[in-house]
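Novice: This structure is in structure tokens; I'll ask about it shortly.
The values are calculated or read from the model by the stated rules, or taken from the named source; none is laboratory data. The model shown is predicted, which means the values in this text are computed figures rather than measured ones. Ideal geometry is used to build each Cβ from the backbone, glycine not excepted, and the neighbour counts take in all protein chains shown.
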Amino acid sequence: MAEAKIWKPLELVKVTADYLAGKNIPGPRLDAEVLLCEVLGLKRRVDLYAGFEKEIAGKPLAAYRELVRRRAEREPVSRILGRREFMGIDFAVTPDVLSPRPETELLVESVLECAAPGKHAPPPDGEQPPPEAETPPPDSAGDEAMARELERLLDSYAEDIDDEQDIDAPPRPAAPQRKTAQPPARTRDGAPAAAPKGRNAPAPGGARISALDLGTGSGCIAVALAAHLPSARVVAVDASPKALAVAKKNAAKAQVADRIDFRQGDWFAGCRAGETFDFILSNPPYLLEGDPDIWPEVARYDPPLALYGGKDGLDCYRRIIPDAPLRLAPEGRIFLEVGAGQAQRVAEMLSRRGFREVDAVSDYGGVPRVVRGKAPGA
């Protein structure tokens, strides 16, 4: 019987990647590896290749094809697994919070470089981050037969995935360009390096740094900042009590809960009278309402409250920027993540409000992603 077929990890990854590619899933090989690691209880993708002779059948195969079926229907891997890595830290994600995005790491890195110059310095001009090693694909002999076999198993499991439900993948991002701040440290196999130890204690002799995270969601920004900057004390505000519950759990797991004050409120309504901060940072909702190009993984699974910023995507910046100077310490700075094509308009808003040294930092795709500025002078 077909159900009795025994698979090797590399065979399964190869034919699954082909299957997902046929369903227009971006990054199909990576998704195939991550999902198989989950089923087999492996912490690193490289372990799939180290254990290339392992046999997979029965319940593990059934569990794997169920995960692949969900991914083929455009459910994000982070939702399937219930977690997402961000700056070397695992974060729980639920339908109540926005799944952390890699581009948001640049927001945190920009603050870290400002707070601790040199420790997060950019690479020399022209130097690119080393590409992730690509493991050679397994022997192609029999791939076509195995692909047909797996496709039959996947399509016959539970309900068929109808071709008319397929949604074309959005265009791939541009080739990576130089990023202003270095990405978090990674181990040789590409996995995130362990978070720093002793993170709950301030740096010896270091001054306390205060930061305000507006719209904290999963808490990824506040937690990562506290984990990588032991001298930081963070206030994290969100209007959603369900989101705050998730963020608090993530902070506790990362062992930084004692340095983050989570508060419910709408933007600055979560602040106390006279309270000011060295840094204000936010990744507010900035997608355009009705935008037809939003990925299905985003439109279907992330909470709308965390996604949409009005007809032009800038409504939240219009609420944050006017009051921001009142909440910044002298020489304090603001850092705002923006969508593609929004940086210039957000920078103009900051300049009109009196912010100094306004500029933008581009992500690996060359998109201006973080707009920053110094508090208005006296």
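Novice: May I ask you to list the residues in segment 192-226 that are among the aliphatic types (A, V, I, L, M), surrounded by 15 or more Cβ atoms within 10 Å (Cβ to Cβ) and either closer than 20 Å to Glu337 by Cα or at pLDDT below 50 (or both)?
Specialist: Across segment 192-226, the qualifying residues are Ala195, Ala211, Leu212, Leu214, Ile221, Ala222, Val223, Ala224, Leu225, Ala226.
Novice: Could we say that Asp261 is within 14 Å of Ala222 (Cα to Cα) and out of contact with any Asp or Glu (no Cβ under 9 Å at 6 or more places or on another chain) here?
Specialist: yes
Novice: I'd like to verify a number: residues in segment 250-280 that are in a helix (DSSP H, G or I) and not aliphatic (A, V, I, L, M), how many?
Specialist: Qualifying residue count for the region: 7.
Novice: Being surrounded by 19 or more Cβ atoms within 10 Å (Cβ to Cβ) and at positive phi is the filter here, so list the residues in segment 352-378 that pass it.
Specialist: Listed by number, the list is empty, since nothing qualifies.
Rundown of residues vs (1) more than 11 Å from the chain's Cα centre (by Cα); (2) crowded, with 20+ Cβ neighbours inside 10 Å; (3) in contact (Cβ under 8 Å) with a residue 12 or more places away in the chain, yes/no style:
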{"residue": "Val46", "(1), (2), (3)": "yes, no, yes"}
{"residue": "Phe52", "(1), (2), (3)": "yes, no, yes"}
{"residue": "Pro60", "(1), (2), (3)": "yes, no, yes"}
{"residue": "Ala63", "(1), (2), (3)": "yes, no, yes"}
{"residue": "Ser99", "(1), (2), (3)": "no, yes, yes"}
{"residue": "Leu112", "(1), (2), (3)": "yes, yes, yes"}
{"residue": "Ala115", "(1), (2), (3)": "yes, yes, yes"}
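Novice: Identify the residue in segment 256-287 that is surrounded by fewer than 19 Cβ atoms within 10 Å (Cβ to Cβ) and closer than 28 Å to Arg300 by Cβ and, among all such residues, is modelled with the lowest pLDDT.
Specialist: If we take residues in segment 256-287 being surrounded by fewer than 19 Cβ atoms within 10 Å (Cβ to Cβ) and closer than 28 Å to Arg300 by Cβ, then Asp266 is modelled with the lowest pLDDT.
Novice: If you don't mind, another one. Within segment 46-158, which helices (runs of 4 or more DSSP H) (wholly inside it) include 3 or more residues that are over 26 Å from Phe335 (Cα atoms) and modelled with pLDDT of 80 or more?
Specialist: Result: 46-50, 58-72, 77-81.
Conditions tested, residue by residue: (1) free of Cβ contacts under 8 Å to residues at least 40 places away in the same chain; (2) in contact with a strand residue (DSSP E or B) (Cβ under 8 Å, 6 or more places away or on another chain).
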{"residue": "Lys253", "(1), (2)": "no, yes"}
{"residue": "Asp266", "(1), (2)": "yes, no"}
{"residue": "Asp278", "(1), (2)": "no, yes"}
{"residue": "Ile294", "(1), (2)": "yes, yes"}
{"residue": "Ala299", "(1), (2)": "yes, no"}
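Novice: Which of the residues spanning segment 1-27 are buried (at least 17 other Cβ atoms within 10 Å of the Cβ), of a type outside the set (Val, Ile, Thr) and in a loop (DSSP other than H, G, I, E, B)?
Specialist: Lys8, Lys23
Novice: Looking at segment 343-355, can you tell me whether even one residue there is in contact (Cβ under 8 Å) with a residue 40 or more places away in the chain and in the same structural domain as Val111 (by TED's automatic domain parsing)?
Specialist: No: segment 343-355 contains no residue that is in contact (Cβ under 8 Å) with a residue 40 or more places away in the chain and in the same structural domain as Val111 (by TED's automatic domain parsing).
Novice: Moving to a separate point now. In segment 229-242, how many residues are assigned to a helix (DSSP H, G or I) and touching a strand residue (DSSP E or B) at 6+ places or on another chain (Cβ under 9 Å)?
Specialist: Of the residues in that region, 1 qualify.
Novice: Kindly indicate whether any position in segment 74-88 is more than 29 Å from Leu305 (Cα to Cα) and within 21 Å of the chain's Cα centre (by Cα).
Specialist: Within segment 74-88 (the criterion being more than 29 Å from Leu305 (Cα to Cα) and within 21 Å of the chain's Cα centre (by Cα)), the answer is no, since none of the residues qualifies.
Novice: On to the next question. For segment 28-44, name all the residues that are in contact with a helix residue (DSSP H, G or I) (Cβ under 9 Å, 6 or more places away or on another chain) and either loosely packed, with under 15 Cβ neighbours inside 10 Å or in contact (Cβ under 8 Å) with a residue 24 or more places away in the chain (or both).
Specialist: Within segment 28-44, Asp31, Ala32, Val34, Leu35, Leu36, Glu38, Val39, Leu40, Lys43, Arg44 qualify.
Novice: Every residue in segment 334-350 that is out of contact with any helix residue (DSSP H, G or I) (no Cβ under 8 Å at 6 or more places or on another chain) and either within 25 Å of Ile209 (Cα to Cα) or hydrophobic (A, V, I, L, M, F, W, C) (or both), please.
Specialist: Those that are out of contact with any helix residue (DSSP H, G or I) (no Cβ under 8 Å at 6 or more places or on another chain) and either within 25 Å of Ile209 (Cα to Cα) or hydrophobic (A, V, I, L, M, F, W, C) (or both): Ala340, Ala343, Ala347, Leu350.
Novice: Can I ask one more? Pick from segment 330-345 the residues that are modelled with pLDDT of 95 or more and surrounded by fewer than 19 Cβ atoms within 10 Å (Cβ to Cβ): which of them is nearest to Ser110 (Cα to Cα)?
Specialist: Filtering first and then ranking leaves Gln344.
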